[in-house]
1. When the residues of segment 83-111 are filtered to those that are charged (D, E, K, R) and touching a His at 6+ places or on another chain (Cβ under 9 Å), which remaining residue is nearest to Val8 (Cα to Cα)?
2. Residue check: is Asp86 out of contact with any strand residue (DSSP E or B) (no Cβ under 9 Å at 6 or more places or on another chain) and either surrounded by 12 or more Cβ atoms within 10 Å (Cβ to Cβ) or of a type in the set (A, V, I, L, M, F, W, C) (or both)?
3. Which of the residues spanning segment 4-55 are aliphatic (A, V, I, L, M) and touching a Cys at 6+ places or on another chain (Cβ under 8 Å)?
4. Can you report the number of residues in segment 103-116 which are modelled with pLDDT of 95 or more and surrounded by fewer than 18 Cβ atoms within 10 Å (Cβ to Cβ)?
5. Pairs only if they're at least six apart or on different chains, beta carbon under 6 angstrom, first in segment 1-26 and closer than 25 Å to Thr61 by Cβ, second part of a loop (DSSP other than H, G, I, E, B); list them, first residue then second.
6. Can you pull out the residues in segment 58-89 that are closer than 22 Å to Ile131 by Cβ, more than 13 Å from the chain's Cα centre (by Cα) and either among the basic types (Lys, Arg) or assigned to a helix (DSSP H, G or I) (or both)?
Amino acid sequence: MRMDHIAVAVDNLEESLRFYKETLGLDCITIETVEEQGVRVAKLEVGNTHIELLEPLGPDTPVGKFIAKRGTGLHHICLGVDNIEDELGKLKEKGIKLIDEKPRVGADGASIAFLHPKSTSGVLLELSQPIDNLHD
């Protein structure tokens, strides 16, 4: 596993981008809408990892509900994996509570799955297998 990204829930992507780009000097690599997740995502480069800013597409999306309940801020930490199906199987065998028992499509077309915070000391963890590592 490797650190893939840290995700931050924001209520205004452009405003948040100004801070990260102008104040911190980070480069924005991509901005995309991920309909399946209900978010607009801006990916910022930070050394050998990324920060993803997540703006909900509406109040009834997962990130929209998160912001309504907890406010803006740290949403999740993502770990990159080589084979997400294998990792999910191993975690399930170890009794880890999974939000996603099967991978779904995330930003950049990656195969992703979330682990429940009840099994991870209160932190929402995402596993991500990049599209160039997807097995047929």
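The values are calculated or read from the model by the stated rules, or taken from the named source; none is laboratory data. This structure is a prediction, so every number in the text was calculated from the model and none was measured. A quick note on method: Cβ atoms are made from the backbone with ideal geometry, for glycine too, and the neighbour counts reach across all protein chains shown.
1. Lys97
2. Working: out of contact with any strand residue (DSSP E or B) (no Cβ under 9 Å at 6 or more places or on another chain): yes; either surrounded by 12 or more Cβ atoms within 10 Å (Cβ to Cβ) or of a type in the set (A, V, I, L, M, F, W, C) (or both): yes.
Here the answer is yes, as Asp86 does meet what is asked.
3. The first filter runs over segment 4-55 and keeps only residues aliphatic (A, V, I, L, M), leaving 6-10, 13, 17, 24, 26, 29, 31, 34, 39, 41-42, 44, 46, 51, 53-54.
Within segment 4-55, Ile6, Ala7, Leu17, Ala42, Leu44 meet the criteria.
4. Total meeting the criteria: 1.
5. Ala9/Thr72; Val10/Thr72; Asp11/Thr72; Ser16/Val10; Tyr20/Leu26
6. Selection gives Ile84, Glu85, Asp86, Glu87, Leu88, Gly89.
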